[in-house]
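These notes are about the structure you will find just below.
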Amino acid sequence: MIGRRVTYRTVDGVRIPGTWRHVFIRNGRYFLTDLLIYADGLVDCWGLVTVEEFEEKVRSGWVATTLPDGAGASAHG
């Protein structure tokens, strides 16, 4: 469960609400990080992208919700 953590970003003085979940980013190896999803359709997964760009990151394996068997991951902070 995600819990009650609220996130947002501000664009031109307007607060854009969002939500989040944990994901793994594969950048050489896997890193546990927060995926931020905003009400205007943008997604932050180590960079702000459109939904279409995010879909490509998932298809390519750069963003994953699970790890392959035997893979390790790092968690910063």
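Values as computed for the structure displayed
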{"quantity": "In segment 22-64, the residues that are touching a strand residue (DSSP E or B) at 6+ places or on another chain (Cβ under 8 Å) and among the small types (Gly, Ala, Ser)", "calculated": "39, 61, 64"}
{"quantity": "Matching strands (runs of 3 or more DSSP E) fully within segment 1-76 where at least 1 residues are touching a residue at least 12 places away in the same chain (Cβ under 8 Å), surrounded by 11 or more Cβ atoms within 10 Å (Cβ to Cβ) and under 13 Å from the mean Cα position of the chain (by Cα)", "calculated": "7-11, 14-27, 29-38"}
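Rule-based calculations on the coordinates, nothing more; no lab input. The model shown is predicted, which means the values in this text are computed figures rather than measured ones. Note that we place each Cβ from the backbone using ideal geometry, even for glycine, and neighbour counts take in every protein chain shown.
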